[in-house]
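See structure below.
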Amino acid sequence: MTETVHSVSTEDLPEVLPYDPFDPEFHSDPYPTYARLRAASGPVIRTAAGVAVLGYQEVNSVLRNPKLGRGEGAGYQDTLIPTPEGLRPAVMFMDPPDHTRIRALVSKAFTPRAVERLRAPAEELAAKLVAGLAAETAATGSVDLSSRLFRPLGAGVLNILVGVPERYLADCIEYANDAGRGLDPAYTLTPDALRNRLKARDGYVAIAQELIAERRAQPADDLMSELVLVEQDGERLNEIELLTTVANIFLAGFSAPQAAMGLAALCLLRNPAQWEWYRDHPEEAAGSVEELMRFDSAVQLINRTALEDTEVGGVPVKEGQEVFMLLGAANRDPQAYEDPDRLDLSRRGVRHLGFGHGIHFCVAAPIAKLITEVALNALAAYDIELRDSTPPTNGALAIRSLAELPAAVRPRT
């Protein structure tokens, strides 16, 4: 079911983004670039492919505009999932009416009960992992929070939610490293990275097929069984819809929470006063996580295609043109947030756009927030010392994640 790998020369590509997607300085810290672009060109920038949108209100408007959808424009092939019936989109990459029907069914499985029942086992796993980090620090002097905490915690929680057997977890974590660039344009990937991305999709699909068959034969108390059995007004997910939905949960669930946890932890460790505020205000943890996700968004870039002629922030967009939304820029828009480049865990009010908005708002957002809060709470019980204040990222454009986060973890004194 693997897709064909095509290599594209960057000289032959139109300018689709207003910045250099290969610039290591941009990957290390994209926010100065966003600020320069906004100051020079405003909240909407014309490109050869369409427009790039940096403003909060303008992005919000795009996400609610029915004339802007997924379509089949640039990047559409990058989102497809291999199935026995060929390449198919997941629900998050569909337009109404298919999106409306399938999302209604999927949402019934992501109940508040399903999310909240993750908290206690997640806290237990996080406490165990961080205690292990402290022991490892005592022996070696340093640990990598990304590989030793964020990846296994994210995978462990997804295992509890979906019901992924232990025998698959190692493969799922390995695939997550390559699937983390799953939403990036293919031309930004090396041939090896592209092959690895496709290998990860094939791997997740194969695991999903096995688990779906198992749950059909013997349902359990997990999300997989809920999706197999979910029904509304006589409608159920067909086999391909179920397969792409489960594969998409794997593709996003094993990489996005890891990204969110790492960026949030790095923000706090770089801001000791805010780290102490977090410790001193445990009742504000949920609100603090929202601010951390605004300040450094895991999801930086999403796109839409004009399904008919429309406009974005007063700029005309013709049918078929692309609209690239720079969510990280929108979440630092001074028109929406006072002093947006300052991390302020007591900040409340305007909701960030890190999980989108409108009909495509991320259905699993409560889970990502819960996992991030649990990870930070576990770390807050220890003294954490950064070994590298500018750790490398994974080089992705869409989901920005830390490749590693070296630190020392010691019992609090």
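The values are calculated or read from the model by the stated rules, or taken from the named source; none is laboratory data. These numbers come from a predicted model, not from an experiment. Here the Cβ is made from the backbone with ideal geometry for all residues, glycine too, and neighbour counts use every protein chain on show.
Looking only at the stretch 203-218, decide whether some residue is outside any helix (DSSP H, G or I) and free of Cβ contacts under 8 Å to residues at least 60 places away in the same chain. Don't jump to the end; show me each part of the working.
Taking the stretch 203-218 and keeping what is outside any helix (DSSP H, G or I), we get 218.
The next check asks that each one be free of Cβ contacts under 8 Å to residues at least 60 places away in the same chain; those that pass are 218.
Checked against the condition, which is being outside any helix (DSSP H, G or I) and free of Cβ contacts under 8 Å to residues at least 60 places away in the same chain, the stretch 203-218 yields at least one hit.
Within the stretch 370-380, the set of residues being surrounded by fewer than 20 Cβ atoms within 10 Å (Cβ to Cβ) and under 23 Å from the mean Cα position of the chain (by Cα) comprises N377 only.
Residues to consider are D171, D221, D184; find the one that is over 30 Å from A49 (Cα atoms) and in a loop (DSSP other than H, G, I, E, B).
Working: D171 fails: in a loop (DSSP other than H, G, I, E, B); D184 fails: over 30 Å from A49 (Cα atoms).
Sole residue among the options that is over 30 Å from A49 (Cα atoms) and in a loop (DSSP other than H, G, I, E, B): D221.
Inspection of the stretch 75-87 finds a residue satisfying the criterion of being modelled with pLDDT under 90, under 22 Å from the mean Cα position of the chain (by Cα), surrounded by 20 or more Cβ atoms within 10 Å (Cβ to Cβ) and under 30 Å from E311 (Cβ atoms). Here L237 clears all of (1) part of a loop (DSSP other than H, G, I, E, B); (2) over 25 Å from L80 (Cβ atoms); (3) not basic (K, R) except the condition numbered (2).
Name the one entry in G262, G313 that is farther than 26 Å from I371 by Cβ, touching a helix residue (DSSP H, G or I) at 6+ places or on another chain (Cβ under 8 Å) and small (G, A, S). Don't jump to the end; show me each part of the working.
On the way: G262 fails: farther than 26 Å from I371 by Cβ.
Sole residue among the options that is farther than 26 Å from I371 by Cβ, touching a helix residue (DSSP H, G or I) at 6+ places or on another chain (Cβ under 8 Å) and small (G, A, S): G313.
Scanning the stretch 297-312 for any residue that is free of Cβ contacts under 8 Å to residues at least 40 places away in the same chain, at negative phi and outside any strand (DSSP E or B) turns up nothing. Within the bounds of the stretch 278-300, is there any residue that is of a type in the set (K, R) and within 19 Å of the chain's Cα centre (by Cα)? So far as the stretch 278-300 goes, yes, one or more of its residues are of a type in the set (K, R) and within 19 Å of the chain's Cα centre (by Cα).
Scanning the stretch 118-132 for residues that are of a type outside the set (A, V, I, L, M) and in contact (Cβ under 8 Å) with a residue 40 or more places away in the chain, which turns out surrounded by the fewest Cβ atoms within 10 Å (Cβ to Cβ)? Show your work before the answer.
Keep residues of the stretch 118-132 that are of a type outside the set (A, V, I, L, M), which gives 119, 121, 123-124, 128, 132.
From what is left, the residues that are in contact (Cβ under 8 Å) with a residue 40 or more places away in the chain are 119, 123.
Working: R119: 14, E123: 16.
Applying the filter and picking the extreme gives R119.
Within the stretch 306-319, the set of residues being surrounded by fewer than 22 Cβ atoms within 10 Å (Cβ to Cβ) and closer than 27 Å to A252 by Cα comprises L307 only.
The residues of the stretch 342-354 that are touching a Lys or Arg at 6+ places or on another chain (Cβ under 9 Å) and crowded, with 18+ Cβ neighbours inside 10 Å, listed by number, are L343, R347, H352, L353, G354.
Out of the residues in the stretch 240-277 that are of a type in the set (F, W, Y) and over 23 Å from the mean Cα position of the chain (by Cα), which is nearest to L87 (Cα to Cα)?
Of everything passing the filter in the stretch 240-277, W275 is nearest to L87 (Cα to Cα).
For the stretch 384-401, give me each residue that is of a type in the set (A, V, I, L, M, F, W, C) and at pLDDT 95 or above. Spell out the reasoning first.
Going through the stretch 384-401, the residues of a type in the set (A, V, I, L, M, F, W, C) turn out to be 384, 386, 396-399.
Result: I384, L386.
Conditions (1) under 17 Å from I399 (Cα atoms); (2) surrounded by 18 or more Cβ atoms within 10 Å (Cβ to Cβ); (3) touching a His at 6+ places or on another chain (Cβ under 6 Å), marked per residue:
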| residue | (1), (2), (3) |
| --- | --- |
| V157 | no, yes, no |
| V164 | no, yes, no |
| R167 | no, no, no |
| A170 | no, no, no |
| A176 | yes, yes, no |
| R181 | yes, yes, no |
| Y187 | yes, yes, no |
| L194 | yes, yes, no |
| A206 | no, no, no |
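Restricting the stretch 381-405 to residues that are outside any loop (DSSP other than H, G, I, E, B) and over 22 Å from the mean Cα position of the chain (by Cα) leaves a set whose member that is nearest to A131 (Cα to Cα) is Y382.
Checking the stretch 347-361 against the condition returns a match, with at least one residue being of a type in the set (F, W, Y) and either modelled with pLDDT of 95 or more or in a loop (DSSP other than H, G, I, E, B) (or both). All conditions but one from (1) buried (at least 24 other Cβ atoms within 10 Å of the Cβ); (2) in a loop (DSSP other than H, G, I, E, B) apply to F324; the one that does not is (2).
Condition check: closer than 27 Å to A396 by Cβ and of a type in the set (A, V, I, L, M, F, W, C). Does V228 satisfy that? Walk me through how you get there before you give the answer.
Details: closer than 27 Å to A396 by Cβ: no; of a type in the set (A, V, I, L, M, F, W, C): yes.
No: the conditions fail for V228.
If you go through the stretch 36-64 one residue at a time, how many are in a helix (DSSP H, G or I), closer than 13 Å to L327 by Cα and among the aliphatic types (A, V, I, L, M)? The qualifying residues number 3.
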